[in-house]
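Enquirer: Attaching a single structure in structure tokens format; questions to follow.
The values are calculated or read from the model by the stated rules, or taken from the named source; none is laboratory data. A quick note: this is a predicted structure, and the numbers were derived from the prediction, not measured. In this analysis, Cβ positions are derived from the backbone assuming ideal geometry, glycine residues included, and neighbour counts consider all displayed protein chains. These accessible areas exclude ligands, DNA and RNA; they are computed on the full protein's heavy atoms, side chains included. Shrake-Rupley method; radii C 1.70, N 1.55, O 1.52, S 1.80 Å.
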Amino acid sequence: MTTDELITREEIRDVLYRYCRAVDRGDRELLKSVYHADATDNHGTFRGSGMEFADHIVDAMDEVNHVGQHHITNILMEIEGDAAAVESYFLAFHPWFSSSAGGQHNFVGGRYLDRFERRLGRWRIAQREVVIDWSRAEIPGNDMPRQQEFTRGGRRRDDFSATWFNWL
């Protein structure tokens, strides 16, 4: 493996991590930055451009008023010049709200099948297909004991990390 291929792999991995952060923190501009302007995204209930998906998911998650988490696990990359086929396994804890149960989380295991392209020196998603391997409608149970003593996560400026990187 060459140094250039190692750098490419890290650049693609960084895009995947920025995607997760952007969705979970509700950062619309960061989410748009992981897609090329003409990218497509098939998220099952949403099919359209990557830019439209960014607006759709940030607005949808804001309505729920709970924080979710996306975790990238196994990543397989096949790189050919300025294009890459990438399969990334993910675990997602998705918040949702029902009038009878209040705020809940469902649990999803799946994969992102992405076509990445390097344009003008930047790797971004050109096409995404989301595959769901399994899911659970809700994760029952109470919060862990003493969880209120920890700093709570939030979206955008409401999250403790919003200013965390500013000290660098």
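Enquirer: Those residues that are of a type in the set (G, A, S) and open to solvent by 50 Å² or more (accessible area, probe 1.4 Å), I need them from the range 119-135; list them, please. Explain how you work it out, then say what you get.
Expert: Pass one, the range 119-135, residues of a type in the set (G, A, S): 121, 126, 135.
Hits for the range 119-135 are G121, S135.
Enquirer: List the number of the failed condition for E10; all other conditions in (1) more than 20 Å from I132 (Cβ to Cβ); (2) in contact with a Pro (Cβ under 9 Å, 6 or more places away or on another chain) hold.
Expert: Among (1) more than 20 Å from I132 (Cβ to Cβ); (2) in contact with a Pro (Cβ under 9 Å, 6 or more places away or on another chain), the lone unmet condition for E10 is (2).
Enquirer: Identify, please: which residue in the range 155-168 is of a type in the set (D, E, K, R) and in contact (Cβ under 8 Å) with a residue 12 or more places away in the chain and is, among those, surrounded by the fewest Cβ atoms within 10 Å (Cβ to Cβ)?
Expert: It comes out as R156.
Enquirer: Further question: For the range 1-118, list the strands (runs of 3 or more DSSP E) that sit wholly inside it and hold at least 1 residues that are free of Cβ contacts under 8 Å to residues at least 24 places away in the same chain and surrounded by 15 or more Cβ atoms within 10 Å (Cβ to Cβ); which are they?
Expert: The qualifying strands (runs of 3 or more DSSP E) are 47-49, 83-98.
Enquirer: Suppose the filter is modelled with pLDDT under 95 and touching a Lys or Arg at 6+ places or on another chain (Cβ under 6 Å); does V58 pass it?
Expert: Numbers: modelled with pLDDT under 95: yes; touching a Lys or Arg at 6+ places or on another chain (Cβ under 6 Å): yes.
Yes, satisfied.
Enquirer: List every residue pair whose Cβ atoms sit under 9 Å apart, with the two residues 6 or more apart in sequence or on different chains, where the first one lies in the range 136-154 and is in contact (Cβ under 8 Å) with a residue 12 or more places away in the chain and surrounded by 10 or more Cβ atoms within 10 Å (Cβ to Cβ) and the second, anywhere, is part of a loop (DSSP other than H, G, I, E, B) and among the small types (G, A, S).
Expert: What qualifies is E138/A101; G154/G26.
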